[in-house]
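Peer 1: Encoded as structure tokens, here's the structure I'll be asking about.
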Amino acid sequence: MQYEKFHEFLKGYVDFLEEMAKGESEKYSAMLSYDHKQMDKIVSRQQAMNMRLTQLEEQREQEQEAAGLGGLSFREILGRLAGPEQEAFRELSGRFERAVREIKYFNEKSIAFAQDGMKLLGVKDEVKAAPYTPTGKAKPAGVTGTSVFEAKI
């Protein structure tokens, strides 16, 4: 059944998000330690992970559509399931949401730390939030909006 394929895909996606959350935590720690070599390494890794995230999100939409669940939030999907499938999906969606929350938390902390450092250096312009669309395309100057982590899940 297509649902099982979707569920298996989500397991890998959640594992990736949890790894990404760990990377965001490491990035923040490296920023606090002022370890520029570690920062360079982590930022390079995070850039690659961001590209992979875009691919996984596109694949999630395709897998979800193929499972007959296109356009539904995780809550709505949960409402359509029953028994062991529902419990397994509840656990998986909880992990997904926790990982996304951790990524956002450490990313916001990193941005705040960097902005504070820029203020100390006399840089007056603040970094705009979500400068890229969920598909990785740069937004026009001055345009704000949501990132893949702010999308309805």
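Peer 1: Mind listing which chymotrypsin sites (Phe, Trp or Tyr not before Pro) in region 1-98 are in a DSSP loop and have 16 or fewer other Cβ atoms within 10 Å?
Peer 2: The qualifying sites are Tyr34.
Peer 1: Right, another one. To make sure I understand the rule: partners must be aspartates and glutamates, Cα under 17 Å from the Cα of Lys27, and not fewer than 8 residues away in the same chain. Which ones qualify?
Peer 2: Glu18, Glu19, Asp35, Asp40, Glu102, Glu108, Asp116
Peer 1: Given the Cα atoms of region 41-89, and with Rh set as the inverse mean 1/r over their pairs in the Kirkwood sense, what is Rg to Rh to two decimals?
Peer 2: Rg divided by Rh gives 1.18.
Peer 1: On average, how much accessible surface per residue is there in region 26-86, in Å², for a 1.4 Å probe, leaving out ligands, DNA and RNA?
Peer 2: The answer is 64 Å² per residue.
Peer 1: Over the Cα atoms of region 1-67, what radius of gyration and what Dmax do you get, in Å?
Peer 2: According to the Cα coordinates of region 1-67, Rg and Dmax are 15.2, 50 Å.
Peer 1: How much net charge surrounds Gln2 when only other residues with a Cβ under 12 Å from its Cβ are counted (Lys, Arg +1; Asp, Glu -1)?
Peer 2: Local net charge: -3.
Peer 1: Would you mind counting up the charge near Met39? Only other residues with Cβ under 15 Å from its Cβ, with Lys and Arg at +1 and Asp and Glu at -1.
Peer 2: Charge balance in the 15 Å sphere: +1.
Peer 1: Mind listing the phi-derived Karplus ³J(HN,Hα) values for region 79-94, rounded to whole Hz, using 6.51, -1.76 and 1.60 with θ = phi - 60°, and x for any glycine or proline?
Peer 2: x, 8, 9, 9, x, x, 4, 5, 5, 5, 6, 4, 5, 5, 5, x
Peer 1: Which residue, chosen from Phe6, Ala48, Ile77, occupies the Cα position most advanced towards the positive end of the dipole of region 1-84, where the dipole is computed from +1 (Lys, Arg) and -1 (Asp, Glu) charges on Cβ about the Cα centre?
Peer 2: Of the listed residues, the answer is Ala48.
The values are calculated or read from the model by the stated rules, or taken from the named source; none is laboratory data. Model, not experiment: these values are computed from the prediction. Using ideal geometry, Cβ is built from the backbone for each residue, glycine included, and neighbour counts are taken over all protein chains shown. SASA here: full protein model, heavy atoms, side chains in, ligands and nucleic acids out. Shrake-Rupley method; radii C 1.70, N 1.55, O 1.52, S 1.80 Å.
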